[in-house]
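Down below is the structure, laid out as C-alpha cells.
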Amino acid sequence: MLIVRKLRADDIQSAEIFIEDVLKETFEANDIWHMQALLKSEIDSKKALFRSTLALCTDNEKRIVLLAVDGHQIVGSVSITNPNDDITSVKEAECQNIHEVGSLFVAPDRRGCGLGAVLWLAAVMQFQKSGETLLCFDSGYPFAQQTWQKRFGKPQFELIDRWGEGTRHMIWKLSVENALSCITEWLSMKKPYSYQSSLSELHD
C-alpha cells in the first residue's frame, strides 16, 4: 500500500538513490543532460536537504521532507523549506517570509496516475497544520513548467535567461486556499490512489 510520511533516518540511503536516479532522468527528459555541473549541484543539494532535515527536530514543520513509499520502495518526494535564492531574488514577490514547496519528484513509472497531486496535498496539509496562508514554488524544467501552469495557472513572476539564453525560470505565489482548490480539482480528474489512506500517517 502506498503511504506518504515524513523522512526517517533509515530512509537516507534509499532516498539519496531515488533522488539521484530521478534527477538524472529529469535532465535527460528536459534535454539538459549536457549541464552536468548543474546536475551534480542539484543532486548534492537535495541530498544535503534530506540530511539537514533529519538534523532538525522531527516536529519542526518549517523544514520537512515527505516521501511517498510503496512497500519498501520510495516512489515520490516533496519538501517544505525556506524559499530558495531564485525566489527571494525577485524582491517584488515578497516571498522572504513564506515557505516553499519544492523537491517534488515522482518516479517515472508512477507518473500520470495522480501521485504528484497526492504529494501536493500532503504538503498543503502541513501548511494548514501550521496555520500558514501563503506558499510559493518555482521551476526551471520545461516539462514541469507545463504541468504547473496547467494545474495552478500562469506564474506570477519569471526570471528570463536564468539557465541560458531563451530560458525561463517560473515562480508561483499562491494562497494555501487557492492551492488546495487546484489540487482538489486535479485529484478529481485523476482518480488516483485512495489518497485518504495514503495520507493517514500525516494526521498523527
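The values are calculated or read from the model by the stated rules, or taken from the named source; none is laboratory data. What you see is a predicted model; the values in this text were computed from it and never measured. Cβ coordinates were reconstructed from backbone atoms using ideal geometry, including for glycine residues, and neighbour counts include every protein chain displayed.
Look at region 103-135 and say how many of its residues are touching a residue at least 12 places away in the same chain (Cβ under 8 Å), over 20 Å from Phe18 (Cα atoms) and not charged (D, E, K, R).
Within region 103-135, residues that are touching a residue at least 12 places away in the same chain (Cβ under 8 Å), over 20 Å from Phe18 (Cα atoms) and not charged (D, E, K, R) number 10.
List every residue pair whose Cβ atoms sit under 7 Å apart, with the two residues 6 or more apart in sequence or on different chains, where the first one lies in region 136-149 and is of a type in the set (S, T, N, Q) and in a strand (DSSP E or B) and the second, anywhere, is modelled with pLDDT of 95 or more and surrounded by 18 or more Cβ atoms within 10 Å (Cβ to Cβ).
Every condition considered, the pairs that remain are Ser139/Gln145; Ser139/Trp148; Ser139/Met170.
Quick grid of which residues meet (1) modelled with pLDDT of 95 or more; (2) within 27 Å of Asp86 (Cα to Cα); (3) among the charged types (D, E, K, R):
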| residue | (1), (2), (3) |
| --- | --- |
| Asp109 | no, no, yes |
| Leu119 | yes, yes, no |
| Ala123 | yes, yes, no |
| Asp138 | yes, yes, yes |
| Tyr141 | no, yes, no |
| Gln149 | yes, yes, no |
| Glu158 | yes, yes, yes |
| Glu165 | no, yes, yes |
| Tyr193 | no, no, no |
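Being surrounded by 23 or more Cβ atoms within 10 Å (Cβ to Cβ) and within 11 Å of the chain's Cα centre (by Cα) is the filter here, so list the residues in region 104-116 that pass it.
Once the filter is applied, which keeps residues that are surrounded by 23 or more Cβ atoms within 10 Å (Cβ to Cβ) and within 11 Å of the chain's Cα centre (by Cα), region 104-116 yields Phe105, Gly116.
Of Thr88, Thr26, Thr53, Thr81, which residue is surrounded by 15 or more Cβ atoms within 10 Å (Cβ to Cβ), within 20 Å of Phe137 (Cβ to Cβ) and free of Cβ contacts under 8 Å to residues at least 12 places away in the same chain? Let's see the steps before the verdict.
Values: Thr26 fails: free of Cβ contacts under 8 Å to residues at least 12 places away in the same chain; Thr53 fails: free of Cβ contacts under 8 Å to residues at least 12 places away in the same chain; Thr81 fails: free of Cβ contacts under 8 Å to residues at least 12 places away in the same chain.
Just a single option satisfies the conditions, and that option is Thr88.
Quick check on region 13-26. Is at least one of its residues assigned to a helix (DSSP H, G or I), aromatic (Phe, Trp, Tyr) and out of contact with any strand residue (DSSP E or B) (no Cβ under 7 Å at 6 or more places or on another chain)? Explain how you work it out, then say what you get.
So the first thing to find is which residues in region 13-26 are assigned to a helix (DSSP H, G or I), and the list is 13-26.
The next check asks that each one be aromatic (Phe, Trp, Tyr); those that pass are 18.
With the extra rule that they be out of contact with any strand residue (DSSP E or B) (no Cβ under 7 Å at 6 or more places or on another chain), the set shrinks to none.
No, because not a single residue in region 13-26 is assigned to a helix (DSSP H, G or I), aromatic (Phe, Trp, Tyr) and out of contact with any strand residue (DSSP E or B) (no Cβ under 7 Å at 6 or more places or on another chain).
Return only the number of the condition from (1) of a type outside the set (A, V, I, L, M); (2) surrounded by fewer than 18 Cβ atoms within 10 Å (Cβ to Cβ); (3) on the phi > 0 side of the Ramachandran plot; (4) in a strand (DSSP E or B) that Glu158 does not satisfy.
(3)
Go through region 15-36 and give me each residue that's aliphatic (A, V, I, L, M) and either at pLDDT 95 or above or within 16 Å of the chain's Cα centre (by Cα) (or both).
Of all residues in region 15-36, those aliphatic (A, V, I, L, M) come to 15, 17, 19, 22-23, 29, 32, 35.
Across region 15-36, the qualifying residues are Ala15, Ile17, Ile19, Val22, Leu23.
From the list Arg63, Arg51, Arg111, which one is among the charged types (D, E, K, R) and within 23 Å of Glu185 (Cβ to Cβ)? Working first, answer last.
Numbers: Arg63 fails: within 23 Å of Glu185 (Cβ to Cβ); Arg51 fails: within 23 Å of Glu185 (Cβ to Cβ).
Just a single option satisfies the conditions, and that option is Arg111.
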